[in-house]
Amino acid sequence: MNSMTPRAERKQKIVLQSIAFIILGIVFVGLWHALKSARAPSGQVVSEAILLSALSSLFNNLYIVLSISLVAILFGIACAFYLEEWLPATNWIRRLIESLVAILTGIPSLAYGILAILIFFSYADTLKKAIEAFPLPENIGAIPSQIETTVFYAEALTFVLMVMPLTIKTTQEALRSVATPIREAAYVLGASQWQVLTRQVVPIAFTRILAGGCRSMSRAFAMAALLVGIYTWHYTTEPGGMSGRFILFLSVALFLSIFSSTLIWRHTSDSA
Amino acid sequence: MLSEKEQSILSIRNLNIWYGDNQILSSLSFDVQQKRVTAFIGPANSGKSTLIRCLNRLNDFTPNFRFTGEILFKGTLLGASTDTTALRKQIGMVFRKPTLFRHSIYENVAYGARIAGVNQSEHLDTIVEKNLRKTGLWDEVEDILDETPEQLSIGQQQLLCIARALVIEPEVLIFDEPCGELDPIETVKVETLVRDLKNDCTLIFATNKRRQAARVSDMAGFLYGGELIEFGATEKIFTNPQDNRTEQYVTGRLG
């Protein structure tokens, strides 16, 4: 059993929060450097046309945004279950992840969009270098498909950083909202942890977990809408093109956000 | 050779419990005998709940909980490797506040059987009826089995909780102040039930009502400030206590 005095617990919390802060600091500084080195030597490569095509392929595809954020949300829910139900509250890995989550959920979603572009171009540059190092004629035709894979990684990484923390946070809150007496009442009847989870905790927490997932997905769509919108306004003179996509994404984001609020509101009025 | 009644089903040896740095219980030793009612009395915060929650390892979920000493259930030492799920199937528990699941009355009672793997509906029907009859609740809820238990009175809910606990046929049934929220008439029902259940299983009963312990129990222990001041036959504890503090408590001058 893990035992700790409140004082030692506070100390551990402060230390882990500082570690989380330092880790994120290093990640962001590293990404910034990656961007700088990716841009400087390949000035011609990162032209407006490529930026546009990159963006259009990055966040313009409804199905990619939908599927990657869905996978990130499911992964986040699984993480939250593991943290909340299997790790004791004093476990340092749990504390560290919770500290990271607390910092990451506070960052505005547009910042993550910029992050996605950073990741994409740092990858694009290494790709370009690799192609230059092995100048095979058939590789030239393969560039677009390789860009597709980098797009996929850039988007997946961004969503892991943006969608997962919010999902972890909301799912943990949902699981915590299930009162201890209900769990204990099931445990004393000889229910295993898995039975308590599937038959008692999840049915009660389901609405809030769903609401949290919707909120996270709304965040992903809002970010995609903003990026698509900004670049549409910047690079095209006539309305049309990607702006239709912008409106679509924005409406999806709004719908999900309203849906999630309605779920929470109904849930609280039900249990009150 | 000891008769069945004399044999102890639970033995506690030198039990110490801490929550963080706070010692809740210190060096407790006693035996719980089979098919008897063992009551623990004591004022609030004397460690009654902590003690009985230790017996079915429910304290494992409390953060910063730690204990030293030995708890023997039917001669087996309960340690870190004990299968707590199997243990809790043999040691049932009823709480102070009736906590019912958000299912129908029928499903609440059938829950214990369902998680044990009983699925045939006829079998479940018999189990539910048998246990509801045992608690005397059958006539009152027979027609509303498929409805939620929220409409029942708090006393009926508590009886439903006892019926639910009886479904798993525990060898030991722990009651944590089961009448704490009930009115006097409902309390009498629960007390009568406890005396009846003695024939089927061993009962452990925590309460802060002195007269209640005197009415229902065969053995009694007086807990005060985390120590087991006195443990013995109920009659002896209430009529001829050995310790000064026990005497003060049972006569109402302490706690």
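The values are calculated or read from the model by the stated rules, or taken from the named source; none is laboratory data. It should be emphasised that the depicted structure is a prediction, and the values quoted were computed from it without experimental measurement. When we count neighbours, we look across all protein chains shown, and the Cβ atoms used for this are built from the backbone with ideal geometry, even at glycine. Quick note on the areas: whole protein, heavy atoms, side chains included, nothing else; ligands and nucleic acids left out. Shrake-Rupley method; radii C 1.70, N 1.55, O 1.52, S 1.80 Å.
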Pairs of Cα atoms under 8 Å, at least six residues apart: use those to get the relative contact order of the range B:106-173, whole percent. 49
Let me spell out the model: positive unit charges on the Cβ of Lys and Arg, negative unit charges on the Cβ of Asp and Glu, origin at the Cα centre of chain B. What dipole size does that give, in debye rounded to 20? 800
Could you state the number of Å between the C-alpha centres of the range B:121-158 and the range A:157-174? 43
Heavy-atom accessible area of the range B:19-104 with neighbours in place, 1.4 angstrom probe: carbon+sulfur share in percent works out to 46
How many angstrom lie between the C-alpha centres of the range B:227-255 and the range B:179-219? 18
Kindly report the accessible area of the range B:174-255 per residue (heavy atoms of protein chains, probe 1.4 Å, no ligands, DNA or RNA), in Å². 45
³J(HN,Hα) across the range A:259-264 via Karplus (A = 6.51, B = -1.76, C = 1.60, θ = phi - 60°), whole Hz, x for Gly/Pro? 4, 5, 5, 4, 4, 4
Dividing the mean separation of Cα pairs under 8 Å (6+ apart) by the residue count of chain B yields a relative contact order in percent of 27
Could you work out what % of the accessible surface of the range B:126-255 is carbon and sulfur, using a 1.4 angstrom probe and leaving DNA, RNA and ligands out of the count? 44
Just check the range B:82-132 against the gyration tensor rule for me: Cα atoms, a ≥ b ≥ c as the square roots of the eigenvalues, rounded for a/c under 1.5, and otherwise prolate or oblate depending on whether a/b exceeds b/c. oblate
For chain B, what does -39500 (n - 2.57) per DSSP helix run (n ≥ 4), summed and divided by total residues, give at 222 nm, in deg cm²/dmol to the nearest 500? -10500 deg cm²/dmol
If the limit is 23 Å between Cα atoms, which of B:Lys48/B:Lys198; B:Lys198/B:Lys236; B:Lys35/B:Lys74; A:Lys169/B:Lys89; B:Lys48/B:Lys134 go over it? A:Lys169/B:Lys89; B:Lys48/B:Lys134
SASA check, B:Arg102, accessible area w/ 1.4 Å probe, all protein chains in place, rounded to nearest 10 Å², comes out at 150
Helix B:184-197 vs. chain B, principal-axis angle (Cα, 0 to 90°, nearest 10): 90
Per its Cα gyration tensor (rounded if a/c is under 1.5, else prolate when a/b beats b/c, else oblate), the range B:8-250 is best filed as prolate
What's the total accessible area buried between chains B and A, using a 1.4 Å probe, rounded to the nearest 100 Å²? 2200
Working from Cα positions, state the angle (0 to 90°, nearest 10) between the long axis of helix B:121-134 and the longest principal axis of chain B. 50
